[in-house]
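**Q** Let me begin by handing over the structure; questions about it come next.
The values are calculated or read from the model by the stated rules, or taken from the named source; none is laboratory data. These numbers were taken from a predicted model, which means no experiment stands behind them. Counting neighbours? That spans all protein chains shown, and the Cβs are built from the backbone with ideal geometry, glycine included. Calculation scope for accessible area: heavy atoms of the full protein, side chains included, ligands and nucleic acids excluded. Shrake-Rupley method; radii C 1.70, N 1.55, O 1.52, S 1.80 Å.
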Amino acid sequence: MAKEKAYAEIVESVNWLGFGEPSRYLAAISLKDRSLFKGYILLALNPRRNLDDDHKQFVTEIARQLNDTLIRATFRKELRDREEVLVTELSETQKRASRMAEIVPVGIYELAADGTLHWANSQFFEIMGVPDDPVHRSKESFRWADHIHPEDHERANEEMTRCLFQGVDICDTLRLRKDWRPPGSEIKSTAEPF
């Protein structure tokens with residue numbers, strides 16, 4: 001009797017489509033993501049059909065598809081949230097690395113495979129003898145070969161090619177076109193670690 005009363009309360013305000021008569025069976029499909037219940041969907045079955053194995057299989061398949069969809073949607077949201085956290089962390093890490101690179105007393109640079117400059121700290125430009133203005137220190141106008149002694153160009157290109165295509169770490173010394181004094185030293189040098 002209690003089941004019939006609960007059923008009557010659930011279906012009394014439903015505007016039944018199809019045959020216009022209330023369903024004799026309701027299927028309650030639980031929506032869960034992993035082990036957390038998100039809610040339920042009530043599915044009213046055809047009032048003119050008996051609840052047979054085909055009907056049960058139909059409800060089982062709908063339940064599986066609904067739960068798969070819910071899991072995918074939740075997973076996408078978790079991925080977006082995780083991506084936002086990682087982007088923020090990466091941004092903070094990049095800021096710290098950039099600040100660190102600007103205060104260290106060595107030249108730091110990053111070159112692309114074709115030899116164009118991606119990034120360099122101010123000490124790098126100072127060591128290389130590049131004037132302190134945006135025109136000369138831009139990625140587009142900086143050319144590595146302009147600052148290396150002409151006799152070292154061939155060796156530098158060979159070493160860079162070996163590094164890029166063979167994946168070999170290289171360590172070499174190239175001469176600069178300008179005289180350079182190491183900080184705190186009176187000795188002039190044209191060598192720059194590569």
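**Q** For segment 48-75, give me each residue that is open to solvent by 80 Å² or more (accessible area, probe 1.4 Å) and assigned to a helix (DSSP H, G or I).
**A** D53, D54, K56, Q57, F58, T60, R64, Q65, R72, F75, listed by residue number.
**Q** Name the single residue, out of those in segment 25-47 being in a loop (DSSP other than H, G, I, E, B) and touching a residue at least 12 places away in the same chain (Cβ under 8 Å), that is farthest from the chain's Cα centre (by Cα).
**A** P47
**Q** All but one of (1) open to solvent by 60 Å² or more (accessible area, probe 1.4 Å); (2) touching a helix residue (DSSP H, G or I) at 6+ places or on another chain (Cβ under 8 Å); (3) within 23 Å of E140 (Cα to Cα) hold for G107, so report the exception by its number.
**A** (1)
**Q** Something else now. Among (1) open to solvent by 50 Å² or more (accessible area, probe 1.4 Å); (2) under 31 Å from the mean Cα position of the chain (by Cα), there is one condition E158 misses while meeting the rest; what is its number?
**A** Result: E158 fails condition (2) only.
**Q** Name the residue that is most open to solvent (accessible area, probe 1.4 Å), counting only residues in segment 3-19 that are of a type in the set (D, E) and either in contact (Cβ under 8 Å) with a residue 60 or more places away in the chain or farther than 20 Å from L51 by Cβ (or both).
**A** Step by step, filter segment 3-19, then rank; the result is E12.
**Q** Of all residues in segment 1-36, which are among the hydrophobic types (A, V, I, L, M, F, W, C) and in contact with a Lys or Arg (Cβ under 7 Å, 6 or more places away or on another chain)?
**A** Filtering segment 1-36 down to residues among the hydrophobic types (A, V, I, L, M, F, W, C) leaves 1-2, 6, 8, 10-11, 14, 16-17, 19, 26-29, 31, 36.
Those that are among the hydrophobic types (A, V, I, L, M, F, W, C) and in contact with a Lys or Arg (Cβ under 7 Å, 6 or more places away or on another chain): F19, L31.
**Q** While we're here: Please identify the pairs in which a residue from segment 120-135 that is in contact (Cβ under 8 Å) with a residue 40 or more places away in the chain and assigned to a loop (DSSP other than H, G, I, E, B) has its Cβ atom under 8 Å from the Cβ atom of a residue that is open to solvent by less than 30 Å² (accessible area, probe 1.4 Å) and not polar (S, T, N, Q), counting only partners at least 6 apart or on another chain.
**A** G129/L176
**Q** In this structure, is P22 open to solvent by 60 Å² or more (accessible area, probe 1.4 Å), assigned to a loop (DSSP other than H, G, I, E, B) and closer than 30 Å to F124 by Cβ?
**A** So P22 does not fit the description; no.
**Q** Give the residues of segment 120-129 that are buried (at least 18 other Cβ atoms within 10 Å of the Cβ) and farther than 19 Å from Q94 by Cβ, sorted by residue number.
**A** F125, I127, M128
**Q** Would you pick out the residues in segment 130-152 that are open to solvent by 40 Å² or more (accessible area, probe 1.4 Å), more than 20 Å from A97 (Cβ to Cβ) and of a type outside the set (V, I, T)?
**A** The answer is P131, D132, D133, P134, H136, E140, S141, R143, D146, H149, P150, E151.
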